[in-house]
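Before any comments, here is the structure.
The values are calculated or read from the model by the stated rules, or taken from the named source; none is laboratory data. Quick caveat: nothing in here was measured; it's all calculated off a predicted structure. Cβ placement follows ideal geometry from the backbone for every residue including glycine, while neighbour counts extend to all protein chains displayed. What goes into the accessible areas is simple: the full protein's heavy atoms, side chains included, and nothing from ligands, DNA or RNA. Shrake-Rupley method; radii C 1.70, N 1.55, O 1.52, S 1.80 Å.
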Amino acid sequence: TRYLDRITNDQGEILISDLEPGVYSVKETATTSNHIIDIREYHVELFPGKTSEITIENQKRPNLIVYKHDADTGEPVPDTVFLVKAADGHSVDEIRTDANGRAELKNLLPGVYEVSEKSVPAPWLKDAPAQMVTLYPNRDHTLYFKNHKKPTLTVNKVDSVNSSPIK
C-alpha cells in the first residue's frame with residue numbers, strides 16, 4: 001500500500017531500513033542508458049530482525065560496429081555513411097566511418113537490424129549489399145562491408161609506324 005522510490009548508490013545497492021515484516025514488491029523503473037531495464041516484478045519477504053536481499057541483474061545493450069574496406073586493397077574507406085533500420089523498417093540512426101573505416105552505434109536494444117550504405121565517397125562504387133544482423137544482450141556485433149573503386153579508362157593515341165605518343 002506504500003510506494004517507495006529509491007536510487008542505487010555507487011555500489012549498486014539500496015538499503016531500506018525500518019520496514020514492517022511482510023511481502024514487498026520490487027520493480028525497476030529506470031536504469032543507465034547502456035543497460036536494458038528489467039521489467040519483471042520481484043517479491044521479497046521480510047522477517048523480524050533479519051535483513052532480506054534481492055539481486056536484480058541488468059543485461060548490457062549491444063553495440064553495432066561497422067567496418068568499411070576497399071574490396072581490392074583492403075584499405076579502410078573513410079566517410080562512408082550507413083543507414084541502420086530496425087526490422088520493422090523504421091530508421092534508427094546514420095553512422096559515418098572514420099579514418100580507420102570504422103563506425104559504431106552504441107546502446108541498441110536487442111533485435112534485428114538492417115544496415116545499408118547511404119553514401120560512399122569517390123572513387124568507390126556503392127556496390128556493397130545491405131546486411132541484416134541480429135543483436136543480442138551482452139554481445140556487441142561487427143559487420144564488414146567492401147566496395148570496389150569505379151573503373152577507369154585510359155585511351156592511348158599512338159603513331160601507327162613508330163608507336164610514339166600523339167598529342
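Just a few scattered comments:
- Residue count, segment 30-62 (criterion: surrounded by 10 or more Cβ atoms within 10 Å (Cβ to Cβ), of a type in the set (S, T, N, Q) and out of contact with any Lys or Arg (no Cβ under 6 Å at 6 or more places or on another chain)): 5
- Options Ile14, Ile65; residue that is assigned to a loop (DSSP other than H, G, I, E, B), surrounded by 10 or more Cβ atoms within 10 Å (Cβ to Cβ) and not aromatic (Phe, Trp, Tyr): Ile14
- Residue match in segment 99-109 (condition: closer than 30 Å to Val26 by Cα, aliphatic (A, V, I, L, M) and part of a loop (DSSP other than H, G, I, E, B)): yes
- The single condition among (1) under 16 Å from the mean Cα position of the chain (by Cα); (2) touching a residue at least 40 places away in the same chain (Cβ under 8 Å); (3) part of a strand (DSSP E or B) that Leu83 does not meet is (2).
- Selected residue (only one of Val23, Val115 is among the aliphatic types (A, V, I, L, M) and either touching a residue at least 40 places away in the same chain (Cβ under 8 Å) or crowded, with 16+ Cβ neighbours inside 10 Å (or both)): Val115
- Scanning segment 87-101 for residues that are open to solvent by less than 80 Å² (accessible area, probe 1.4 Å), closer than 26 Å to Ser33 by Cβ and at pLDDT 95 or above gives Asp93, Ile95, Thr97, Asp98.
- Exactly one residue out of Gly74, Gly89, Gly101 is in contact with a Phe, Trp or Tyr (Cβ under 6 Å, 6 or more places away or on another chain) and on the phi > 0 side of the Ramachandran plot, and it is Gly101.
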